[in-house]
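Data first, discussion second: the structure below is written as structure tokens.
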Amino acid sequence: MLASLHASLSHLRRAELAVAQVVLAAPDAVVSDSIAQLAAKAEVSEPTVVRFCRAVGFAGFQDFKLRLAQHLAASAARAQVADGALALVRDLSPDDSVSSAADKVMNRSIDALVRLRDTLDATALERAARRLTQAGRVEIVGVGASGSVAIDAHHKLFRLLPSVAASSDAHLQTMAAATLGPNDVLLTISKTGTSAEILDAATIARDGGACVIAITSARAPLAALADLLLAVEVDEDTAVHTPMASRLAQLALVDALTVAVGLLSPPETNQRLARIKAALRGRHRMAVVPPADHLTAKDAP
């Protein structure tokens, strides 16, 4: 819930933004506040607090407080359960057996996917999917471990969209971003959201009028550049090892985005998928027929 609230900051009015900042700074305190107390903290009127609650998807102040309390309680419970998994991964050592090390990695991956599920902003996901279906051209960029996720996203989305390309090369990313226009989309993928190559591509694409969609942390510089944010929050030290759990979370989010694109795509997309399947069946039939020069005398006409 808090990640979704953070992602919505750019769409709030100035007075509503003041309320959001108070909530994000001390959510536990807001649960016990009255509407008058929250308004005083944010230095806004009480009607503004109500407008803020509705702007972020709630019926009113009481509905917002109830959902916030539920979120904080659930987060505390999950934290207690996840602490063991987090500690297991952080405690990896050369003395671990292969079996115990594998358990720690799996626990960390499970924790990352559960966190993504619980914090996923379904509204932002739908808006991103709808923007992709309307795009004339889509460029997908990522570097390092996120580069492999960008290639996977291309592998999935090119089946559904008319023009999709992906790159993990910084020079190609820069050139591709410079050719995007107002009807196009740059889908950026970055665990840290601080990669200079991705930030440059996002800036160039925005300057050209393209829509920038970011799969990254809500607190990352890349999130501030994005028109649409799909937040992935994974506690992972990339200075020690190659990202693993965060990469799995990114892949899962790409899967969810692909399904959303499929649901929102026009009917002619089904014809596109049917042609792809037919072409693959044709290749399969060709593969199982032995070449002519391998025919035996018995097989020959």
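Within the P(r) computed for the range 91-142, what percentage of the Cα pairs occupies the region above 15 Å? Intermediate results must be reported in sequence, preceding the final value.
Numbers: 897 of 1326 pairs.
For the range 91-142, the share of Cα pairs beyond 15 Å comes to 68 percent.
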Compute the distance in nm between two label points, each set 7 Å from the Cα along the Cα-to-Cβ direction, one at residue 40 and one at residue 279. 6.7 nm
Sorted by accessible area with a 1.4 angstrom probe, largest first, how do 104, 191 fall? 191, 104
Using a 1.4 Å probe on the protein heavy atoms only, what accessible surface does residue 67 show? Give it in Å² to the nearest 10. 110 Å²
Suppose accessible area is computed on protein heavy atoms with a 1.4 Å probe; arrange 103, 121 from highest to lowest. 103, 121
Stretch residue 113-residue 67 to full length: gain in nm at 0.36 nm per residue minus the Cα-Cα span? 14.4 nm
Show which lysines lie in cross-link reach of residue 65 when reach means a straight Cα distance below 20 angstrom and same-chain residues fewer than eight apart are skipped. 41
Between the range 160-202 and the range 1-43, what's the alpha-carbon centroid distance in Å? 33 Å
Students often forget the sequence filter, so: which lysines lie under 29 Å Cα-Cα from residue 156 once same-chain residues fewer than 8 apart are removed? 191, 277
Ignoring ligands, DNA and RNA, how do 154, 171 rank by accessible area with a 1.4 Å probe, largest first? 171, 154
Could you report the accessible area of residue 194 in Å², rounded to 10, computed with a 1.4 Å probe on the protein chains as they sit in the structure? 80 Å²
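The values are calculated or read from the model by the stated rules, or taken from the named source; none is laboratory data. Computed from a predicted model, the values in this text were never measured in an experiment. Here the Cβ is made from the backbone with ideal geometry for all residues, glycine too, and neighbour counts use every protein chain on show. Calculation scope for accessible area: heavy atoms of the full protein, side chains included, ligands and nucleic acids excluded. Shrake-Rupley method; radii C 1.70, N 1.55, O 1.52, S 1.80 Å.
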